[in-house]
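Comments concern the structure below.
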Number of protein chains: 2
Amino acid sequence: MDNIASGAAVLGAGGGGNVEGGSLFLKSAMQTYGNVKLLSLEELKDEDLVVPLGEMGAPVVGLEKFGETKDARLVVEFLCEKLGRKATAVSAVEVGGSNSMVPMVAGLGLGVPMLDADSMGRAFPETQMTSFHLHGLVASPFAVMDERGNRVMIEATDTFWGEKIARSVTSLMGARSFVATFGMSGKTARESCIGGTITLSQKIGEALNRTHSSESRLEALASLTGGLTLFKGKIVDVNRQTVGGFNRGDVTIEGTEENSGVSCKITFQNENLVCLAGNKVLATVPDIITILNSETLNAITTEELRYGYRVTVIGIPSAPIWRTPPGIQVAGPRYFDYDLDFIPVEIRARAD
Amino acid sequence: MDNIASGAAVLGAGGGGNVEGGSLFLKSAMQTYGNVKLLSLEELKDEDLVVPLGEMGAPVVGLEKFGETKDARLVVEFLCEKLGRKATAVSAVEVGGSNSMVPMVAGLGLGVPMLDADSMGRAFPETQMTSFHLHGLVASPFAVMDERGNRVMIEATDTFWGEKIARSVTSLMGARSFVATFGMSGKTARESCIGGTITLSQKIGEALNRTHSSESRLEALASLTGGLTLFKGKIVDVNRQTVGGFNRGDVTIEGTEENSGVSCKITFQNENLVCLAGNKVLATVPDIITILNSETLNAITTEELRYGYRVTVIGIPSAPIWRTPPGIQVAGPRYFDYDLDFIPVEIRARAD
C-alpha cells in the first residue's frame with residue numbers, strides 16, 4: 001500500500017492529494033474491512049456499474065480537514081441513489097497520493113473491488129481533463145458531499161458546467177469535498193479508462209523505495225515510465241494561495257550539481273503545469289512534472305513544497321490520449337493560459 | 001395584474017425583482033394559459049403539496065437575462081421529482097416585482113393555483129429570512145436551475161447551508177437562477193405562510209395607480225399598510241456592485257421640500273436595509289424601506305435607481321413575525337453587520 005501511495009504521488013505531478021493523508025485514510029479502512037480487491041479492466045463485465053470517485057478541492061485544505069472513511073462510501077451511495085443501481089466496482093478518477101486511496105476506501109466500505117485504472121494516468125486539476133470526457137461521456141449526474149453531511153447532486157449540460165458548479169460548491173464547502181461522477185457500465189469503462197495505473201504506481205513505488213543508490217532508482221523509474229531527470233537543485237521560494245477551490249502558485253529552485261548557476265521555476269494549479277530553467281521550457285502539461293525529494297526520492301506534492309528542500313525534478317511522458325489534439329486542447333499549456341505549444345518532454349530533452 | 005406587480009414592488013423594499021420584467025413574464029404566460037387561480041391559505045387541504053419558488057440572484061442581472069416562462073414550471077417539476085409527488089399548489093417565497101409573478105407563471109404552466117401568501121410579507125435577500133425558517137422548516141431539498149438546463153439539487157444540513165450553496169451555484173450560473181425549496185404539506189403551509197400578501201399587493205397597486213393627488217394616494221397606502229413618508233428628495237449618487245450573487249450598494253438622496261438641507265442615505269443588499277437622514281436612523285430592516293418615484297408613486301427597485309430621480313422614501317412596518325426576537329435575529333440590522341438595534345419605524349417617527 002505504501003508503494004502504491006508513493007508511486008501514485010510520482011504520477012500525481014504534484015497533485016492528487018497528500019500521500020501520508022491518503023495512506024492513513026486507507027490503513028484505517030483496512031483495519032476494519034481487510035484487504036483491497038483490485039480488478040483489471042479485462043475482468044469487468046459489460047453490465048457492471050463502475051463509479052469513479054475522489055476528493056475535490058485544494059490539497060492544502062485536505063491536509064487540515066481529514067475526512068472520515070465513511071465519507072468515501074457515502075458519496076458513491078449518493079450517486080447510486082440517483083442512478084437507481086448499486087455500484088459493482090469503484091474507480092479512481094486520477095492517480096495521486098490520496099486520490100488513488102479514496103476509491104479503495106470506498107470499495108472496502110461497499111464490499112466491491114477497485115479498478116486497476118483511472119481516467120488521467122496522472123493527476124489533473126479539472127474534471128474535463130479525463131479520458132471519460134475525451135470519450136464523449138458527460139460528468140452528470142455529479143455527486144458532491146462534505147464532511148458535515150451537505151449533499152449536492154448536479155445535472156449539468158456538459159462536463160465543463162459540471163466541473164464549474166462542483167468546484168464552486170466545493171469552494172463554498174471549505175475547498176474540500178468528496179465527489180463521484182461518470183457512473184458507467186463495465187463496457188464503457190473498458191473503453192474509456194486508462195488501464196493498469198494502480199499496478200504501475202505500485203511498481204514505481206517499489207523501485208523508488210528500494211535501498212539502492214538514487215541513480216539506480218531513478219533509472220528504474222525511467223525504464224518503467226520513460227521519465228527523465230530535468231533539474232536538480234534547492235527550493236529557494238514558494239508562492240501558494242488557495243484560490244477558487246485550487247492551490248495556485250509557483251516554486252523556484254536554485255540549481256546545484258550539473259544545474260548550478262541556473263534557476264528553475266515550476267508553476268502549479270494543484271498539479272505542476274510548466275517547468276522552466278532560465279528561459280528554456282523543459283516540460284509542460286499534459287506531460288507529468290514531478291518534484292522528488294533528492295534524498296528519499298519521494299514525490300513532494302504542491303501543498304508540501306518548502307524552502308530549503310533539495311529536489312530532483314522529473315518529467316514523465318503522459319498517457320498517449322493526452323498527446324492527441326483533443327487531449328492537448330483540454331489539458332495542454334494553452335488551456336492553462338500559457339502561450340506555448342505542447343512538445344513532448346523527451347523531444348524537448350533531445351533538442352538539447 | 002399590473003396592480004399586483006406595482007403593489008408587490010412597494011412591499012418588495014427595493015428587491016424582489018424587476019416589476020416590468022415580472023409583468024411581461026406573467027403576461028406572456030397568461031396569453032398561453034389564461035388567468036391565474038389564487039387560493040387562500042384557508043382553502044388549502046392538509047394533504048396538498050405546496051411548492052414555493054422564485055428567482056435567485058442579483059436583480060440587475062435579471063434585467064438582462066430574461067427567462068423563458070417554462071423555466072418557472074421546470075424548477076417546480078425538478079423539486080417534485082425529488083419529493084416523489086406532484087405539486088397541488090405553488091407559492092411565492094417573497095413579495096416583489098418579479099418574485100410574486102414567477103410562481104403565477106409556474107402555476108399556470110402546471111395547472112395548479114397560486115397561494116395568496118408568501119414567506120416574508122416583503123422581499124429579503126436570503127433564504128433563512130423566511131417565515132418557513134422561523135417555523136423550523138429546513139430549505140432542503142433545494143432545487144436550483146439555470147436557463148441553459150443545468151440543474152442542481154441541494155440537500156443541506158440546515159437552511160443557512162442551503163442558502164450558501166444555492167447562492168454560490170447561482171453566482172456561478174451568472175448571478176441568476178430559478179429556485180424551489182421548502183416543499184410542504186397544505187397543513188404546514190397554513191401554519192407557516194404569511195397570508196393575504198398577494199391581495200394586499202393588489203390593493204396597494206390599486207391605491208397608488210388611481211388618478212388622485214400623490215398626497216391622497218400616499219394616505220391610502222398608509223391606511224393599507226401603516227406606511228409612513230420618511231423623506232423626499234432627489235437622487236444624487238448611486239453605488240451598486242454585483243457581489244457574491246447580490247446587488248450591493250447605497251443611494252444618496254438630497255432633501256427637497258420639508259427635507260431640504262438634509263441628505264439621506266439608504267444602503268442595500270438586493271433590498272433596502274437601513275435609511276439614515278443626516279445622522280438619524282429613520283428605519284432599518286426588518287421594516288420595509290421603499291423608494292417611490294415622487295411623480296408616479298411607482299416603487300423603484302435597487303437595480304433601477306438612477307441619478308436625478310425625484311423620490312419619496314416610505315417606511316412600512318414589517319409583518320409581526322419579523323418583529324419577534326427570532327425574526328430580528330435573522331433579518332434585523334445586526335444580521336447585516338449594522339451596530340443598530342431594531343426599533344419599529346413608527347416608534348422612530350414618533351420620537352421626532
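Summary table below
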quantity: Failed criterion for A:V313 (all others in (1) surrounded by 17 or more Cβ atoms within 10 Å (Cβ to Cβ); (2) more than 18 Å from the chain's Cα centre (by Cα) hold); calculated: (2)
quantity: Of residues in the range A:110-131 being in a loop (DSSP other than H, G, I, E, B) and among the polar types (S, T, N, Q), the one surrounded by the fewest Cβ atoms within 10 Å (Cβ to Cβ); calculated: A:Q128
quantity: Residue within the range A:11-27 that is outside any loop (DSSP other than H, G, I, E, B) and at pLDDT 90 or above present; calculated: yes
quantity: Top-ranked residue in the range B:132-146 [being free of Cβ contacts under 8 Å to residues at least 60 places away in the same chain and away from every other protein chain (no Cβ under 11 Å); ranked as nearest to the chain's Cα centre (by Cα)]; calculated: B:A139
quantity: Conditions (1) surrounded by 24 or more Cβ atoms within 10 Å (Cβ to Cβ); (2) more than 25 Å from B:E81 (Cα to Cα); (3) of a type in the set (A, V, I, L, M, F, W, C): number failed by A:F178; calculated: (2)
quantity: Pair list, Cβ under 7 Å, 6 or more apart: the range A:71-99 residue within 22 Å of A:D2 (Cβ to Cβ) and in contact (Cβ under 8 Å) with a residue 60 or more places away in the chain, other residue assigned to a helix (DSSP H, G or I) and among the β-branched types (V, I, T); calculated: A:A72/A:V102; A:A72/A:V105; A:V95/A:T197; A:G97/A:V19
quantity: Leading residue by the ranking (surrounded by the most Cβ atoms within 10 Å (Cβ to Cβ)) among those in the range A:134-161 that are in contact with a Pro (Cβ under 9 Å, 6 or more places away or on another chain) and over 14 Å from A:V75 (Cα atoms); calculated: A:A156
quantity: Candidate set from the range B:246-297 (those that are of a type in the set (S, T, Y) and over 18 Å from B:L218 (Cβ atoms)); member that is surrounded by the fewest Cβ atoms within 10 Å (Cβ to Cβ); calculated: B:S260
quantity: Count of the range B:173-182 residues which are more than 19 Å from the chain's Cα centre (by Cα) and more than 9 Å from chain A (Cβ to nearest Cβ); calculated: 1
quantity: Unique match (being basic (K, R) and at pLDDT below 95) among A:K82, A:K86, A:K70; calculated: A:K70
quantity: Within the range B:147-245, helices (runs of 4 or more DSSP H) holding 2 or more residues that are in contact (Cβ under 8 Å) with a residue 24 or more places away in the chain and under 21 Å from B:Y309 (Cα atoms); calculated: B:197-209, B:214-225
quantity: Residues within the range A:265-290 that are over 15 Å from A:V345 (Cα atoms) and not hydroxyl-bearing (S, T, Y), tallied; calculated: 7
quantity: Where B:R85 falls short, out of the listed (1) surrounded by fewer than 23 Cβ atoms within 10 Å (Cβ to Cβ); (2) under 17 Å from B:S119 (Cβ atoms); calculated: (2)
quantity: Residue within the range A:90-102 that is surrounded by fewer than 24 Cβ atoms within 10 Å (Cβ to Cβ), modelled with pLDDT of 95 or more, over 23 Å from B:I154 (Cα atoms) and in contact with an Asp or Glu (Cβ under 9 Å, 6 or more places away or on another chain) present; calculated: no
quantity: Total residues in the range A:147-172, condition more than 8 Å from every other protein chain (Cβ to nearest Cβ) and of a type in the set (G, A, S); calculated: 2
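The values are calculated or read from the model by the stated rules, or taken from the named source; none is laboratory data. This is a predicted model, so every value here is computed, not measured. Here the Cβ is made from the backbone with ideal geometry for all residues, glycine too, and neighbour counts use every protein chain on show.
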